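A.B. asks: The structure's right below; bear with me while I get my questions together.
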Amino acid sequence: MGIVATFAQEQPKLEVRPIARLLMDGALIDAGKEEEDLNDGFAIPDIRIGVAAKYGDWSAVFEAGMQYGKVTPMDMYIRKELTSKDFIRAGYFVTHYGLNSSYSSSMRTGMEEPRCNLALAHNYMLGVEYVHHDSRYFGSLCFFNEKESMVRSGNDNGNQGVGAVTRLVYLPINEAGRFVAVGVSGGLQTPQYNKDNELSHRMITLTSTYPTRVSQVAAQKAMITDARLMAEFTPELTVAYKRWCFEGQYYFNQVNRRNALPAYHASGAYGMIRTVLRGGDYTHNDEYCNTTIPKGGTMELCLGYSYSDLNSQKTDIRGGIVNDYSLCFNYYVNNYVIWRVRGSITTARHRAGFEDNKVSLIETRLQFKL
C-alpha cells in the first residue's frame with residue numbers, strides 16, 4: 001500500500017491556463033499617391049483566445065484568432081520535453097527562421113515587424129520541429145508543409161508544398177545585462193497552393209504591406225511564375241549591453257524556375273537599436289533565443305530601419321523596393337498590458353504598374369496579452 005501511495009503522489013498534475021490577446025490600433029496616415037486605399041482610422045486587427053495545457057513532459061497549445069471578422073487557426077501544437085534543454089513539437093506554428101521569427105506577432109520590438117521580414121521570412125506552417133537551447137548554443141530543425149493544409153483537404157489542395165528550415169545561433173557572451181548572439185538560418189521550400197489551378201504549386205508570391213494594420217495595402221509584391229524551389233538564407237546578430245541593444249538580420253532568397261527560365265533573386269535587411277528609458281538591463285531568453293520581453297513598468301525607445309528589394313533584373317520581375325524608417329515608444333504598463341506609439345516614413349519605388357510613393361504615418365496601439 002505504501003508503494004502504491006508513493007506512486008500516486010508522484011503522478012504529474014494537469015495544468016491548464018487560458019490564453020488571450022487583444023490589439024487595438026489607431027493611425028493617422030499621409031498616404032501620398034495612394035490616399036484612396038490608405039485611410040486613417042481605428043481597428044482591432046487581432047483577437048485571440050485559447051488554452052495551454054501541461055502534463056509532465058507533455059504540453060499543448062490550442063489558439064484561434066479573429067482578424068477583421070475572419071476566424072483563423074493560430075498556434076495549435078503538441079510539445080514533448082526530451083531534456084531540460086531539448087524539445088520537439090508538432091502542429092501549426094511559426095517556424096524558427098532568423099531572430100524576428102522568435103517573437104510573437106504582437107511582441108515585435110518596433111510594433112510592426114520589419115517589412116523585409118514580412119516579405120522574405122516565414123509565417124505559420126504545419127510541421128514538426130526539434131529545438132535545442134542552452135546558454136551558449138541554440139539550434140532548430142523543422143520539416144513542414146504549407147499552411148493551406150490547415151483549411152483545405154488533400155483532394156482540394158492538390159500536391160502540398162513542403163519544405164525544411166534550420167536556425168543555428170552561438171552566444172560567445174551571455175550574462176545578465178550583457179550578451180552577444182550570432183546566428184544563421186537557411187531553408188528550402190516548394191511553391192504552395194493558389195486558387196488559380198494553372199498557378200497552384202507553380203508560383204511563389206513575395207509581398208509586404210505598408211507598416212500599419214489599420215489599412216492593409218501592399219507596398220511591394222513579386223509574383224514568380226514557373227517556380228520550382230525557393231532557397232532562403234538569413235544571418236542574424238544581437239548585441240546587448242546594459243540598457244542598450246542592437247538587433248539585425250540580412251535576407252537573401254532565390255527561386256529556381258521551370259522551363260529554363262532564369263532564377264529570381266530578392267534581398268533585404270533590417271537593424272533595430274533599442275534603449276531602456278526606465279527599467280532594468282536587457283537579458284537573453286535562451287529558450288526562444290531572443291531578447292527577453294521587458295518587465296512591467298519598463299519604458300523603451302526603438303529606432304529601426306528596414307530595406308527590401310523584390311526586383312530581379314534577369315527575370316524582369318519588378319516587385320518593388322521598400323525603405324522604412326521608424327521610431328517606436330513602448331510602455332510595458334504591467335506584465336499583461338503594453339502601450340505603443342510608432343512613427344514611420346516608408347518609400348516604395350520601382351514597382352511594375354505603380355508610381356513611386358512615400359507614406360508617413362503615426363500610430364498607437366493598446367494591447368493585452370494573457
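The values are calculated or read from the model by the stated rules, or taken from the named source; none is laboratory data. Treat the numbers as computed from the prediction; the structure is a model and nothing was measured. For neighbour counting, all protein chains shown are included, and Cβ atoms are generated from backbone atoms with ideal geometry for every residue, glycine included. Side chains included, ligands, DNA and RNA excluded: accessible areas come from the protein's heavy atoms. Shrake-Rupley method; radii C 1.70, N 1.55, O 1.52, S 1.80 Å.
A.B. asks: Given the residues L237, L303, L277, which is the only one that is in contact with a strand residue (DSSP E or B) (Cβ under 8 Å, 6 or more places away or on another chain), within 30 Å of S84 (Cβ to Cβ), open to solvent by 60 Å² or more (accessible area, probe 1.4 Å) and assigned to a strand (DSSP E or B)?
C.D. replies: None of the others qualify; the one that does is L237.
A.B. asks: Of the conditions (1) closer than 16 Å to E175 by Cβ; (2) open to solvent by less than 10 Å² (accessible area, probe 1.4 Å), T283 satisfies every one except a single condition; which number is it?
C.D. replies: Looking at each condition in turn, T283 falls short on (2).
A.B. asks: Let me ask you something else. Before we move on, is V276 touching an Asp or Glu at 6+ places or on another chain (Cβ under 9 Å) and of a type in the set (V, I, T)?
C.D. replies: Answer is yes for this residue.
A.B. asks: Quick check: anything in segment 206-220 hydroxyl-bearing (S, T, Y) and more than 28 Å from R365 (Cα to Cα)?
C.D. replies: Within segment 206-220, not a single residue is hydroxyl-bearing (S, T, Y) and more than 28 Å from R365 (Cα to Cα).
A.B. asks: Name the single residue, out of those in segment 195-218 being in contact with a helix residue (DSSP H, G or I) (Cβ under 7 Å, 6 or more places away or on another chain) and not polar (S, T, N, Q), that is surrounded by the most Cβ atoms within 10 Å (Cβ to Cβ).
C.D. replies: P211
A.B. asks: Within segment 244-261, does at least one residue satisfy the condition of being more than 30 Å from D86 (Cβ to Cβ), in a strand (DSSP E or B), in contact (Cβ under 8 Å) with a residue 60 or more places away in the chain and touching a Lys or Arg at 6+ places or on another chain (Cβ under 9 Å)?
C.D. replies: No; the residues of segment 244-261 include none that is more than 30 Å from D86 (Cβ to Cβ), in a strand (DSSP E or B), in contact (Cβ under 8 Å) with a residue 60 or more places away in the chain and touching a Lys or Arg at 6+ places or on another chain (Cβ under 9 Å).
A.B. asks: Here is a follow-up. Counting just the residues of segment 166-179 that are open to solvent by 30 Å² or more (accessible area, probe 1.4 Å) and of a type in the set (A, V, I, L, M, F, W, C), which one comes out nearest to S101 (Cα to Cα)?
C.D. replies: L168
A.B. asks: Scan segment 80-98 for residues that are over 26 Å from N253 (Cβ atoms), open to solvent by less than 20 Å² (accessible area, probe 1.4 Å) and among the polar types (S, T, N, Q) and report the count.
C.D. replies: Of the residues in that region, 0 qualify.
A.B. asks: Does S106 qualify as being small (G, A, S), open to solvent by 20 Å² or more (accessible area, probe 1.4 Å) and on the phi < 0 side of the Ramachandran plot?
C.D. replies: So S106 fails the test.
A.B. asks: Next up: Any idea how many residues of segment 313-323 are open to solvent by less than 10 Å² (accessible area, probe 1.4 Å) and touching a Ser or Thr at 6+ places or on another chain (Cβ under 8 Å)?
C.D. replies: 2
A.B. asks: Give me the residue from segment 109-121 that is in contact (Cβ under 8 Å) with a residue 24 or more places away in the chain and assigned to a loop (DSSP other than H, G, I, E, B) and, out of that set, surrounded by the most Cβ atoms within 10 Å (Cβ to Cβ).
C.D. replies: It comes out as P114.
A.B. asks: If I filter segment 132-143 down to residues being open to solvent by less than 40 Å² (accessible area, probe 1.4 Å) and touching a residue at least 60 places away in the same chain (Cβ under 8 Å), which single residue comes out as nearest to A181 (Cα to Cα)?
C.D. replies: F138
A.B. asks: Considering only segment 36-79, state which residues are touching a residue at least 12 places away in the same chain (Cβ under 8 Å), basic (K, R) and open to solvent by 50 Å² or more (accessible area, probe 1.4 Å).
C.D. replies: Of everything in segment 36-79, just one residue is touching a residue at least 12 places away in the same chain (Cβ under 8 Å), basic (K, R) and open to solvent by 50 Å² or more (accessible area, probe 1.4 Å), namely K54.
A.B. asks: Restricting to segment 146-159, and then to whatever is open to solvent by less than 70 Å² (accessible area, probe 1.4 Å) and free of Cβ contacts under 8 Å to residues at least 40 places away in the same chain, can you tell me which residue is nearest to Y251 (Cα to Cα)?
C.D. replies: S149
A.B. asks: Against the condition closer than 23 Å to W339 by Cβ, crowded, with 18+ Cβ neighbours inside 10 Å, touching a residue at least 60 places away in the same chain (Cβ under 8 Å) and of a type in the set (A, V, I, L, M), how does I29 come out, does it pass?
C.D. replies: Here the answer is yes, as I29 does meet what is asked.
A.B. asks: Could you grab the pairs with beta carbons closer than 8 Å, sequence gap of 6+ or different chains, first residue in segment 286-300 and closer than 17 Å to S185 by Cα, second one open to solvent by less than 40 Å² (accessible area, probe 1.4 Å) and of a type in the set (A, V, I, L, M)?
C.D. replies: Listed by first residue and then by second, the contacts come to C289/L99; C289/V169; C289/A181; N290/L99.
A.B. asks: Can you spot a residue in segment 29-46 that is closer than 26 Å to K358 by Cβ, in a strand (DSSP E or B) and among the β-branched types (V, I, T)?
C.D. replies: Yes, segment 29-46 contains at least one residue that is closer than 26 Å to K358 by Cβ, in a strand (DSSP E or B) and among the β-branched types (V, I, T).
Conditions tested, residue by residue: (1) in contact (Cβ under 8 Å) with a residue 12 or more places away in the chain; (2) assigned to a strand (DSSP E or B); (3) touching an Asp or Glu at 6+ places or on another chain (Cβ under 8 Å).
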residue	(1), (2), (3)
N330	yes, yes, yes
R340	yes, yes, no
T346	yes, yes, yes
G353	no, no, no
S360	yes, yes, yes
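A.B. asks: Moving on to the next point. Looking at segment 168-190, I want the residues that are farther than 12 Å from L237 by Cβ and have a partner that is open to solvent by 60 Å² or more (accessible area, probe 1.4 Å) and not hydroxyl-bearing (S, T, Y) with Cβ atoms under 6 Å, at least 6 apart or on another chain. Which pairs are those?
C.D. replies: Within 6 Å, the pairs are G177/K242; G177/D281; G186/F233; T190/V162.
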